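First the structure, in the form of structure tokens, and then the observations on it.
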Amino acid sequence: MKKLRPTIPVHEWKLSINLKATREIQNQSGNPAFDCNCQSCMDWRSSFKEFFPTELLGQLQRVGIDLEHPTDLYQYNETNDGSSLRIVYHAVGKILEGPNQWTKNEMGDVLMYREVRQTPYVSIVVFPQSQSYDHAPVLENTASGDLVRLDLRLLMPSKYCRSGNVPGSA
């Protein structure tokens, strides 16, 4: 008998998730943000529940993602409004449906993030890890599904950022 996987919506995507395999790949040694104590990672862990969209937070938790321990997290800009972060998580399963993740321009293939909220800004794109050159967790049992990348860009409001953040410091 084939084991059924829950279908979980994540913003505009529907994912079929292997919960056990997803939990097994969380917080793996060797990932860029593993055991990271840079200021951006510490700020994220201490404050994301206060400003992250509640609905998306619940969806990612249902997927089995350990939100305190992303695969990768880095700051790419800082303004008086806060820190712009890119945060990457992974799950195991299949993308059943959702918007196109890619477009082409003069620079080549470009990811198409979908806005979740305008203020403070949060966007996401969900796509197969096989389409990325970036680091990913090791998935030992490929029969359990594919690695799915959940890639977020957001503004962490300045009231949650500690002094000392320097763009690109994570």
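The values are calculated or read from the model by the stated rules, or taken from the named source; none is laboratory data. All figures in this text were calculated on a predicted structure; none of them were measured in a lab. Here the Cβ positions follow ideal geometry from the backbone for every residue, glycine too, while neighbour counts run over all protein chains shown. Remember, those area values only see protein heavy atoms, side chains included, never the ligands or the DNA or RNA. Shrake-Rupley method; radii C 1.70, N 1.55, O 1.52, S 1.80 Å.
Annotations
- Within the range 1-92: Cβ-based charge dipole about Cα centre, in debye rounded to nearest 20 (Lys, Arg +1; Asp, Glu -1): 740 debye
- Solvent-free Debye calculation, one equal scatterer per alpha-carbon of the range 6-75: log10 I(q)/I(0) at 0.24, 0.27 Å⁻¹ equals -1.15, -1.24.
- The sum of -39500 (n - 2.57) across all DSSP H runs of n ≥ 4, divided by the residue count of the chain, sets its helix-only mean residue ellipticity at 222 nm to -5000 deg cm²/dmol.
- In degrees, nearest ten, helix 39-51 long axis to first principal axis of the chain (Cα): 80 degrees
- The angle between the Cα long axis of helix 54-63 and the main principal axis of the chain comes to about 40°, on a 0 to 90 degree scale.
- Charging the Cβ of each Asp and Glu at -1 and of each Lys and Arg at +1, and nothing else, the dipole of the chain about its Cα centre rounds to 560 debye.
- Here the spin labels are modelled as points 7 Å beyond Cα on the Cα-Cβ line, and at His135 and Tyr76 they lie 1.7 nm apart.
- Order of exposure, largest accessible area first, which applies to Thr103, Thr119 with probe 1.4 Å: Thr119, Thr103
- Accessible area, probe 1.4 Å, largest first, for residues Lys14, Lys159: Lys159, Lys14
- Relative contact order %, the chain, counting alpha carbon pairs below 8 Å whose residues are six or more apart: 29 percent
- Annotated for the chain: lysine pairs at least 8 residues apart or interchain, Cα distance under 26 Å, count 13.
- Multiplying the residue separation of Leu19 and Thr7 by 0.36 nm and subtracting their alpha-carbon distance yields 3.3 nm.
- When all protein chains stay in place and ligands, DNA and RNA are ignored, the 1.4 Å accessible-area order of Val138, Val92, largest first, is Val138, Val92.
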